[in-house]
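Okay, structure first, notes after.
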Amino acid sequence: MSIDLALKPEQLYTTCDLSDCGFDTTDDLETLEDFVGQERAVEALEFGADIMRQGYNIFVLGSPGTGRHTLARGIVTERASQEDTPSDWCYVNNFDQPYRPKALRLPAGKGRTFQQDMERLIDDLQTDLATALDSDEYNTRRQVLEAEFRERQQTLLNALREKAQGKELTLLRTPAGLAIAPVRDGNVVSGEDFQKLPEDEQKSIQAEVEVLQTELQEILQQVPRWERELRGQIRELRREVTSFVIADSMGDLRVTYANLPDLLTYLDAVQKDVSDNLSDFLVTKEDGSGEASGPVPSLASTNQNPSLMLRRYQVNVLVDCSESSGAPVRFESNPTYLNLIGRVEQMAQMGALITDFTLIKPGQLHQANGGYILIDARELLTQAYAWQGLKRALQYQEIRIESPTQMLNLTSTVTLEPEPIPLSVKVILLGDRNLYYMLAAADPDFRSLFKVQADFSDTFDRTAESQLLYARMIGTICRREGLCCLTQDAVERVIEYSARLVSDSAKLTTHIQSIVDLLEEADHWASKDGAQCITGAHIQGSLDAQVRRVDRINREMQEQVLRETILIDTDGEQVGQINGLAVLGLVGYAFGKASRITARVRMGKGEVLDIEREVAMGGPTHTKGVLILSSFLGARYAVDHPLSLAASLVFEQSYGGVDGDSASSTELYALLSAIAEIPIKQSLAVTGSVNQYGQVQAIGGVNEKIEGFFDLCNARGLTGEQGVLIPIANVKHLMLREDVVNAVTNGDFHIYGVTTIDEGIEILTSVPAGEADEDGIYPEDTVNRRVADRLADFAHKRAEFDRSNE
């Protein structure tokens, strides 16, 4: 039976033959525009990009390196080029509530134009207003107002002066201001002369002075009110004179933006504010008498050196689409909360931090508004508050700029509250499958926001047509990356390597990055050889070099076996001892490792002791496998009597824990050998799981397991007796190394594909397994008969033991 179950060399490696494809090098192949093997994902991406409904954002799930980002970006970029260019967005001052800047929506490309128009307007106003207020008409009318003010003041003072003269008093100006003083013979009486006057006369003069001083005080008290009236009249005069200038300066803007009502409303507010704050545009000098001299222009240009007072007329262009064509497509590599939502910056002014609407900075959602944005999901979730901020923007379809502390109500600092901007964007998250399912389970909002799932496959079918497409893809990569072309045999080797990557001879990998890495390394070796094209030898050399760089641990572990530090036999026979196979995975590299598994049996209560589980070194899947083989034993051999067996199973010299069920068939073989006391060939190694019916089931890492045991046997010397038993279901996964295939071809090594435990035990022991007759009796001199007899003997002895103890 073992000869019949031995696999043929052609079953161990499925070669690629492109001889009928009509090309010598990849330069002869057409460029491949589409991705290979991702039809499902392409359909999902196209659907997600087409449907314009809330919540139909896209989550692209799949392994990194499958081209998910390139494909997703390519599809949305193509669609975006056919869509309308979105609007510009600006923030302007809110003259009623400066802490709540207003958002203005303008046609694409108009934002920067409007910003420049406002800068010119402010420049023009400073010049035109200064000119208007320096005109003869304005000065004349102002002088009239000022003359009226002086005449009113002088009239009252003259009347008071005449009244004082009738009482031999006078009104005079002193350093301390106006005062009333007595006169004699036309001269002001000095203090010394006043003291020489009779006391009665002094009192009379003092009384008259006090009366006039009171009247003077009443006159002087009216002066501030008259001055206020004068200033008000001058302001009205300025407003009257400048209103025509302001209206004329803004007339062109009103015509230009006549079809934008929100902008016209803003211009109305600007006009009113300019008219109310003319002093911000002018610098005046006041002389000592309170009379204002002529005005002179203030700062020359708000564009070059803007005044803090005139910043409120600037336009902060948040989104500028003047150079865009079609909808935007953005990718945010650092999706922090502020990078997505935007922020309000601050600047130092006289030792304090201040801010205004001109310091509002856009986020990527602003830049992508009206288009598409791609975000790495893992990066997004690792940034504080970024996921919450994105969700809120998508749920309410608006971008509200606020700091995380504001969002969490952790601060009461006065800051800006910009008006929210409406959001219309298609978000494309890229992440692996685990992340997608974790989000779907943990966040109830996730499924309602990301309704489109674009699932990238890791493999696709290997057919003659797909191999040719793969060859075209390889040629496309070479042209895109500037690599040497590949010969036909090199392309064949790359395709075979692609099948090896997915451990399936009937599939090819979609992990394009691995192929790109291989081609780049092969191009390096080809360049060192001075070759014009990459050959199959260069591809194989690159693969060998890749393994060489990472196989130190594998070689050191094999050395421990060769030096018999770890005990693994590759010849002879042993009862209850077998070679199991496992796979150890490192970063980008996996290799097979042989382990000695032993079984000991005795009379007991039907328990199979898993030593790995008892010491907490066995994982749940391994424990499950042991329980399954225990069930198989009881169902096959202990139907008519109790299973009176006590057995123990262990991976010898195992120090790192065991998991997986790929050794369950191996453990069952060791157990059958121990019960039947039939030795197992140590020249063979086994992998495969078993079910309760004794069927051997497929496992993972079959290529690495076979090659790991082959390397050990080859290092010790191939005898022609060595080999590996694998499940027949794993034959389609075989893509073994060339040296392994050659050894099988030469009869130096053997690989057996088994379907059942009976087939495997025959190969391992060279003893027939035996089939039960109608009465359930197995033939003499078979493995099953010896197992059944031994278990029956255990049951009989157990019964006698129980009776003797009654």
Note down the relative contact order for segment 664-806 as a percent, whole number, built from C-alpha pairs under 8 angstrom at least six residues apart.
-> 24
Cα centroid of segment 68-92 to Cα centroid of segment 317-364, whole Å | 19
Stretch ALA772-GLN397 to full length: gain in nm at 0.36 nm per residue minus the Cα-Cα span?
-> 127.8 nm
For every other residue with a beta carbon closer than 13 angstrom to the beta carbon of ASP569, add +1 if it is Lys or Arg and -1 if Asp or Glu, then tell me the sum.
-> -2
Top positive-direction residue, dipole computed over segment 440-509 with Cβ charges, set PRO444, SER503, GLY482 = GLY482
Full extension from ASN334 to GLN217: what is 0.36 nm times the residue separation minus their Cα-Cα distance, to one decimal in nm?
-> 34.8 nm
So, with a 1.4 angstrom probe, what is the percent of accessible area on the chain that is carbon and sulfur?
-> 47
Cβ-Cβ cut-off under 14 Å around THR77, Lys and Arg +1, Asp and Glu -1: the net charge is 0
Report the relative contact order of segment 635-742, percent, no decimals, based on alpha-carbon pairs under 8 angstrom and at least 6 residues apart.
-> 24
If the chain between ASP445 and ARG228 were fully stretched, how many nm would it gain, using 0.36 nm times the residue separation less the Cα-Cα distance?
-> 71.8 nm
Starting from the Cα of ASP268, step 7 Å along the direction of its Cβ; do the same at GLN540; then give the gap between the two resulting points in nm.
-> 8.4
Long-range amide H partners of ALA108, meaning residues 5 or more apart or on another chain whose placed amide H is closer than 5 Å, are ASP88
Find the accessible area per residue for segment 609-678; the probe is 1.4 Å, ligands and nucleic acids are left out, and the unit is Å².
-> 38
Picking from ASN139, ASN805, VAL494, whose Cα lies most toward the positive end of the charge dipole for the chain (charges on Cβ: Lys, Arg +1; Asp, Glu -1)?
-> ASN139
Calculated from DSSP H runs of 4 or more alone, at -39500 (n - 2.57) each and per residue, what is the 222 nm mean residue ellipticity of the chain, nearest 500?
-> -15000 deg cm²/dmol
For LYS593, which lysines qualify as cross-link partners when the Cα separation must be under 29 Å and same-chain residues fewer than eight apart are set aside?
-> LYS8, LYS507, LYS624, LYS681, LYS705, LYS732
Helix 39-50 axis, angle to the chain major axis (alpha carbon atoms, nearest 10°) | 20
Here FRET efficiency (C-beta to C-beta, GLU236 to ASN187, R₀ 35 Å, nearest 0.05) is 0.15
Crossing angle, helix 199-256 versus the chain [Cα axis fit, 0-90 degrees, rounded to tens] = 50
How far, in degrees from 0 to 90, does helix 68-80 lean away from the longest principal axis of the Cα atoms of the chain, to the nearest 10?
-> 50
Expressed in angstrom and rounded, the centroid-to-centroid distance over alpha carbons for segment 678-731 and segment 576-638 is 15
Considering the dipole of segment 588-745 built from charges on the beta carbon (Lys and Arg +1, Asp and Glu -1) around the Cα centre, which of ALA638, THR598, ALA685 is farthest to its positive end?
-> ALA638
Note the listed values [x] 36.1; [y] 28.3; [z] 30.0, then indicate which one is Kirkwood radius over Cα pairs in Å calculated from this particular structure.
-> [x]
Sort out for me the Cα centre separation of segment 737-806 from segment 439-514, rounded to whole Å.
-> 44
Run down the aspartates and glutamates and flag those whose C-alpha is under 20 Å from the C-alpha of LYS361, throwing out any fewer than 8 positions away in its chain.
-> ASP88, GLU119, ASP320, GLU323, GLU332, GLU345, GLU398, GLU402, GLU417, GLU419
Computed over the chain: relative contact order in percent, which uses C-alpha pairs under 8 Å that are six or more apart = 16
Accessible area per residue in Å² at 1.4 Å probe, computed on segment 416-575 = 47
Measuring with a 1.4 Å probe in the full set of protein chains, what accessible area per residue, in whole Å², belongs to segment 10-82?
-> 55
FRET efficiency for GLN653 and SER804, Cβ-Cβ distance as r, R0 = 41 Å, nearest 0.05?
-> 0.55
Mind checking which lysines have their C-alpha under 16 Å from LYS426, skipping anything on the same chain fewer than 8 residues away?
-> LYS391, LYS451
A convex hull over the alpha carbons of segment 673-790 yields, per residue, a volume in Å³ of 114
Compute the distribution of all C-alpha to C-alpha distances in segment 18-115, in bins of 10 Å from 0, and list the percent of pairs in each, rounded to whole numbers.
-> 11, 25, 22, 21, 13, 5, 3, 1
For ASP50, what accessible area in Å² do you get when you roll a 1.4 Å probe over the heavy atoms of the protein chains, rounding to the nearest 10?
-> 80
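The values are calculated or read from the model by the stated rules, or taken from the named source; none is laboratory data. Treat the numbers as computed from the prediction; the structure is a model and nothing was measured. Note that each Cβ is placed from the backbone with ideal geometry, even for glycine, and that neighbours are counted across all protein chains shown. Only protein heavy atoms, including side chains, enter the accessible area calculation; ligands, DNA and RNA are left aside. Shrake-Rupley method; radii C 1.70, N 1.55, O 1.52, S 1.80 Å.
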